[in-house]
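Before any comments, here is the structure.
Nothing in this text is a laboratory measurement; each read-out follows from the coordinates by a stated rule. Bear in mind the structure is a predicted one, so any value in this text is a computation, not a measurement. Quick reminder, even Gly has a Cβ in these numbers, built from the backbone with ideal geometry, and neighbours come from all protein chains shown.
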Amino acid sequence: MTQFRDYQEVALQDFLTLPIKGVEYVIQPVGAADGIRLALALTDDAGEHDLTDEEFRALLLGDQLPRMRADNVPEVAILRATMTALADHREGRAAAVAFWETNAVPERLAAYMAAKKSSEASTPSPSTESANPIPSPASTTPTTSPPATPPAKSAPNRGQSAGRKSSGSGRSSKRTSPASTRSG
């Protein structure tokens, strides 16, 4: 008998839970092999590691994508969930929450960040609170890519669209910028 409980039991609170139409969808973290595949697809200009839009969604949403479709979740909500999961995977939970709340609309993002900064200013600092001695995974996860994956490209300027880039196979790994996929 092992002294450790299964990862699924102890890490459940770390999973991304997105409420859509009154239903909570629990998004599992991207697995190691899928993370490498995703990093290659997002950084590959030659088109050798392209993903279709459906593969991209399935890689990030996992078993929740067919569940969302069965629940007749609007496609714009699925796209928002996909991009939120990507933000969570690449940048951490704070970025995912900011994306979910604002859909990366610059005006909404600025208002959200200002409100968050204001609420943080009125909250006691972690050093004065009784903190959990175990750091959260987000605080222990390095923000740089592992050596096996190429470095991430910088995001395009907000005024420019990243557009779509298709390879000769018609498959696409370049995502449209969140600013151009806004639905309100």
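Order these peptides, 27-33, 105-111, by their mean beta-carbon neighbour count within 10 angstrom, highest first.
27-33, 105-111
Which order, highest average first, do 49-58, 82-91, 65-74 follow once you tally other Cβ atoms within 10 Å for each residue and take the mean per peptide?
The peptides rank, most packed first, as 82-91, 49-58, 65-74.
Under a Cβ-only charge scheme (Lys and Arg +1, Asp and Glu -1), can you give me the dipole magnitude of the range 11-92 about the Cα centre, in debye to the nearest 20?
Computed about the Cα centre, the dipole is about 360 debye.
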